[in-house]
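Written out below as structure tokens is the structure these notes cover.
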Amino acid sequence: MTRLAVPKTYKLYIGGAFPRSESGRTYEIVSAKGAFLANASKASRKDARDAVVAARGAFGGWSGATAYNRGQVLYRVAEILEGRRAQFVAEIVDAEGVSTAVATAQVDAAIDRWVWYAGWADKYAQVAGNANPVAGPYFNISVPEPTGVVAIIAPQDSSLLGLVSAVAPALVAGNTVVVVASERLPLSAISLSEVLATSDVPKGVVNVLTGSPAEIAPWLASHQDVNALDLVGAGALDWVDLQIAAADTLKRVLTPENGSDAAAPTLGRITAFVETKTVWHTKGLI
Amino acid sequence: MSFLEYAPAPESQAILNLRSEYGLFIDGEFREGHGTPFASISPATEKHLTTISTADGADVDAAVAAARRAYDRTWSRMSGADRGKYLFRIARLVQERSRELAVAESLDNGKPIKESRDVDVPLVAAWFFYYAGWADKLDHAGLGANPASLGVAAQVIPWNFPLLMLAWKIAPALAAGNTVVLKPAETTSLTALLFAEIVQQADLPPGVVNIITGAGATGVALVGHDDVDAVAFTGSTPVGRAIAKSVAGTHKKVTLELGGKAANIVFDDAPIDQAIEGIVNGIFFNQGHVCCAGSRLLVQESIHDEVVDRLKSRLSTLRLGDPLDKNTDIGAINSSAQLDRIRALSDIGEAEGAERWTAECTIPENGFWFAPTIFTNVSTSHRIAQEEVFGPVLSVLTFRTPAEAIAKANNTPFGLSAGIWSDKGSRILAVADKLRAGVIWANTFNRFDPASPFGGYKESGYGREGGRHGIASYLKTAAPAAALEPTRKSVTKGAAK
């Protein structure tokens, strides 16, 4: 007799907790073959706003942590991911209908990418910042700092790698994130949330919403307390309207990318969401 | 006769030979614009200076086409070393003509000659000199090997530092290999047109620099032009917002340098003499027409009365009047429209309950003037503590703890600049870390240098001007840096499934 499985309830990830959508709505997630997989939460405007509040609340601590500490916490995420490879591979095989080898390759790439970004945490400022030789008695230095709360529309055709490719670089500098997962392939995003929740990432640093990007994205794009918008996975949406809405508060915006190398790993994805702060220290007052 | 009454010491205007009218500078030549010409006046006297062309849509097309041709045929193919040599030439020509440029700037803008002579114009030359050297060193700009120029840059600049803002825009753009179409502000086109003559003297290839004049509509047409690859704007946050909307969905790379409401934080252990001078420089430099002006003074409560008393006595010694007089500290407000705005916001400040103090000084009969003004008893919610006045108006607030100072300083949608005054180094470093602003001055204020990046957080805009970061604003990486990751050497601890 085969054992009866215990299926998981997939919920949102907001402020370190796993709430259902306050709207009570869910939508059906099916496998590539059309079989029922889960009822995912369908996040509402209120959920998006709650997520922004959580992300803002977490910003001071995460951006204020030492770069070494952030690097270790992010590396820890990769460690926990590695331990759950089998779970992610199985989820991707079901959801995307790909072979185990293809799914494994995606999970491995996601883990390795996470490690690559974790290593940048205590280095990127050395590359993106510098001392400035001004013509006067001043010690003048430019350093990059995180922009703030970054809202991300994750790549829509990838369960895990696309999500990781967009979320990890935003975290490196100390930003906090509200990410809208792939609408069709959201289950790995919630499983990743479980990894984040158990790997020393402070609550609120990453908030994961599942549901309709078309419905949620406008609220994030126009939100007064969101500082930046990564539209990498918004290619199928009316993303120009989102960019226009984002201009009301002069949000920093990354535009959609398509194809398999969307959100390819670059230092530029880290520096896209940093601000350069230049401080002039007077040398003369002695 | 008090010690403040000096004999006039006006700078001679003889060095300046203004033409009676100026055309647009397109493809290396001056030509008449198709729009309705407008008069340029001196804000200190309201006297007519010259008549200036307005560029209409066809003129904008012609300017962008000239820039495109110059980009395709000449500038993008030229070696970086040669581009640099042209920029060095320009730097030297600015130095050679510096007195003339300073006189023109003070006449047209209303700023004191001692500022245009000692700050604006020397920095213009420095900016070209600095970026000239970058032109053949772009591999070291931080974007990897062989970074590419963008193409044609549309640049729109404000009236507060007309020639300096031109230099901030044109020098890095050309060094990076772009060609430009620049529109100066309607009220301060003069020095940009003199700069066009310098471009001719430098024998820059036609079309590399194009200068078109006109009002807001000309700027809108330029920024919105389809054949423009980069947009750089310095000005108000509302216009910056409109530009950000208009470029949505395009490939245009944008730098926005917008408004500010800087906090100037004075701790009780500050070197008080220097702090008073710094506060005055922070808000009354250039009549307060400075986006990074220290318009919100945050004083630790225990020294509030002393600081305010000393400020008032210092402001009483400032001389307001003829911008061309070498003794003048406070020049003219740039336009009657700006004067109206300063008056309106000051009246609102009073109506909202803040206490107004204005330095006693004689206001000239003609021209646009506003005496240095301080508001005390200001709350964070007052409009004079939230909105950019862009005039010689200082709002004074108090704090008790560093945490309160930081919270109040950051309580604004802007994030351009801030000042910290304290003798304690560790406190300066800690507070500087917490301020959400792009430029922070510790025990100084309003310092600018071509080597130093300038630009804001939040609604003060994005992108940086100055320094290595400033050249990066006009470049793109050669190709996406793929293959940065190692390929996985299968350290699989148990295969999946």
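The values are calculated or read from the model by the stated rules, or taken from the named source; none is laboratory data. Predicted, not measured: the structure shown is a model, and the values here were computed from it. Neighbour counts run over all protein chains shown; Cβ positions are idealised from the backbone, glycine included.
For every residue, the table says whether it meets (1) of a type in the set (Lys, Arg); (2) under 21 Å from A:VAL208 (Cβ atoms); (3) modelled with pLDDT of 95 or more.
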residue: A:VAL107; (1), (2), (3): no, yes, yes
residue: A:ARG113; (1), (2), (3): yes, yes, yes
residue: A:GLN126; (1), (2), (3): no, no, yes
residue: A:TYR138; (1), (2), (3): no, no, yes
residue: A:VAL143; (1), (2), (3): no, no, yes
residue: A:ILE152; (1), (2), (3): no, yes, yes
residue: A:GLN156; (1), (2), (3): no, yes, yes
residue: A:SER165; (1), (2), (3): no, yes, yes
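Kindly indicate whether B:ALA496 is more than 30 Å from A:ALA86 (Cβ to Cβ), facing chain A (nearest Cβ under 7 Å) and either assigned to a loop (DSSP other than H, G, I, E, B) or at pLDDT 95 or above (or both). Answer is no for this residue. In the stretch B:333-369, what residues are over 12 Å from B:LEU394 (Cβ atoms) and of a type in the set (Phe, Trp, Tyr)? Passing the criteria: B:PHE368, B:TRP369. Might you check whether a residue that is assigned to a loop (DSSP other than H, G, I, E, B), touching a residue at least 40 places away in the same chain (Cβ under 8 Å), surrounded by fewer than 20 Cβ atoms within 10 Å (Cβ to Cβ) and away from chain B (no Cβ under 14 Å) occurs anywhere in the stretch A:223-244? Checking the stretch A:223-244: at least one residue is assigned to a loop (DSSP other than H, G, I, E, B), touching a residue at least 40 places away in the same chain (Cβ under 8 Å), surrounded by fewer than 20 Cβ atoms within 10 Å (Cβ to Cβ) and away from chain B (no Cβ under 14 Å). Every condition in (1) crowded, with 20+ Cβ neighbours inside 10 Å; (2) assigned to a loop (DSSP other than H, G, I, E, B); (3) more than 9 Å from every other protein chain (Cβ to nearest Cβ); (4) in contact with a Leu (Cβ under 8 Å, 6 or more places away or on another chain) is met by B:ALA371 except one, and the failing one is (1). Within the stretch B:31-39, is even one residue assigned by TED's automatic domain parsing to the domain that holds B:THR188, closer than 30 Å to B:PRO205 by Cβ, of a type in the set (Ser, Thr, Tyr) and in a loop (DSSP other than H, G, I, E, B)? No, the stretch B:31-39 contains no residue that is assigned by TED's automatic domain parsing to the domain that holds B:THR188, closer than 30 Å to B:PRO205 by Cβ, of a type in the set (Ser, Thr, Tyr) and in a loop (DSSP other than H, G, I, E, B).
Of all the residues in the stretch A:247-268, those that are more than 7 Å from chain B (Cβ to nearest Cβ), over 18 Å from the mean Cα position of the chain (by Cα) and under 28 Å from B:ARG468 (Cβ atoms) number 0. Each residue in the stretch A:1-41 was checked for being over 18 Å from A:ALA197 (Cβ atoms), in contact (Cβ under 8 Å) with a residue 40 or more places away in the chain and β-branched (Val, Ile, Thr), and 1 of them qualify.
When you go through (1) assigned to a loop (DSSP other than H, G, I, E, B); (2) of a type in the set (Gly, Ala, Ser); (3) under 15 Å from B:GLY288 (Cβ atoms) one by one for B:GLY353, which number turns out not to apply? The single condition B:GLY353 does not satisfy is (3).
For the stretch B:460-470, indicate whether the set of residues that are touching a helix residue (DSSP H, G or I) at 6+ places or on another chain (Cβ under 7 Å), at the interface with another protein chain (Cβ under 7 Å from one of its Cβ atoms) and either within 22 Å of B:GLY278 (Cα to Cα) or free of Cβ contacts under 8 Å to residues at least 24 places away in the same chain (or both) is non-empty. No: zero hits. Set side by side, the residues B:ASP433, B:ASP449 differ, and just one is part of a helix (DSSP H, G or I) and at the interface with chain A (Cβ under 9 Å from one of its Cβ atoms), which is B:ASP433.
Here the stretch A:269-285 is the region considered, the condition is being facing chain B (nearest Cβ under 7 Å) and not hydrophobic (A, V, I, L, M, F, W, C), and the residue that is surrounded by the most Cβ atoms within 10 Å (Cβ to Cβ) is A:THR278. Of all residues in the stretch B:273-289, exactly one satisfies the criterion of being crowded, with 24+ Cβ neighbours inside 10 Å, closer than 18 Å to B:TRP369 by Cα and of a type in the set (A, V, I, L, M), namely B:ILE283.
Give the number of residues within the stretch B:60-106 that are part of a helix (DSSP H, G or I) and over 22 Å from B:GLY33 (Cβ atoms).
Total meeting the criteria: 30.
Scanning the stretch B:162-174 for any residue that is closer than 30 Å to B:VAL389 by Cα, of a type in the set (Phe, Trp, Tyr) and surrounded by fewer than 24 Cβ atoms within 10 Å (Cβ to Cβ) turns up nothing.
Residues in the stretch B:255-269 that are over 16 Å from the mean Cα position of the chain (by Cα) and crowded, with 23+ Cβ neighbours inside 10 Å: B:ALA263, B:ASN264, B:ILE265, B:VAL266.
Residues in the stretch A:53-72 that are out of contact with any strand residue (DSSP E or B) (no Cβ under 6 Å at 6 or more places or on another chain) and either in a strand (DSSP E or B) or not hydroxyl-bearing (Ser, Thr, Tyr) (or both): A:VAL53, A:GLY57, A:GLY60, A:GLY61, A:GLY64, A:ALA65, A:ALA67, A:ASN69, A:ARG70, A:GLY71, A:GLN72. From the list B:ALA482, B:ALA403, B:ALA478, the lone residue that is at pLDDT below 95, farther than 16 Å from A:GLU145 by Cα and more than 9 Å from every other protein chain (Cβ to nearest Cβ) is B:ALA478. Considering only the stretch B:134-143, I want to know if a residue exists there that is out of contact with any strand residue (DSSP E or B) (no Cβ under 7 Å at 6 or more places or on another chain), in a helix (DSSP H, G or I), modelled with pLDDT of 95 or more and buried (at least 18 other Cβ atoms within 10 Å of the Cβ). Yes, the stretch B:134-143 contains at least one residue that is out of contact with any strand residue (DSSP E or B) (no Cβ under 7 Å at 6 or more places or on another chain), in a helix (DSSP H, G or I), modelled with pLDDT of 95 or more and buried (at least 18 other Cβ atoms within 10 Å of the Cβ). Of all positions in the stretch B:70-93, none carries a residue that is under 20 Å from B:GLU186 (Cα atoms) and either basic (Lys, Arg) or buried (at least 20 other Cβ atoms within 10 Å of the Cβ) (or both). Under the condition of being within 14 Å of chain B (Cβ to nearest Cβ), in contact (Cβ under 8 Å) with a residue 60 or more places away in the chain, surrounded by fewer than 21 Cβ atoms within 10 Å (Cβ to Cβ) and not β-branched (Val, Ile, Thr), the residues counted in the stretch A:68-93 number 3.
Taking the criterion of being within 16 Å of A:GLY15 (Cβ to Cβ), surrounded by fewer than 17 Cβ atoms within 10 Å (Cβ to Cβ) and of a type in the set (S, T, N, Q), the only residue of the stretch A:178-222 that qualifies is A:THR198. Within the stretch B:191-216, the residues that satisfy the criterion of being part of a helix (DSSP H, G or I) and touching a residue at least 24 places away in the same chain (Cβ under 8 Å) are B:THR191, B:ALA192, B:LEU193, B:LEU194, B:PHE195, B:ALA196, B:ILE198, B:VAL199, B:GLN200, B:GLN201, B:GLY216. Whether a residue is at pLDDT 95 or above, closer than 30 Å to B:PHE368 by Cβ and either surrounded by 15 or more Cβ atoms within 10 Å (Cβ to Cβ) or touching a Pro at 6+ places or on another chain (Cβ under 9 Å) (or both) was assessed, and B:THR45 passes this test.
Taking B:GLY419 as the residue in question, decide whether it is at the interface with chain A (Cβ under 10 Å from one of its Cβ atoms), in contact (Cβ under 8 Å) with a residue 60 or more places away in the chain and within 26 Å of the chain's Cα centre (by Cα). Criteria met by B:GLY419.
Residues that are without any contact (Cβ under 8 Å) to a residue 40 or more places away in the chain and of a type in the set (S, T, N, Q) occur at least once in the stretch B:36-46.
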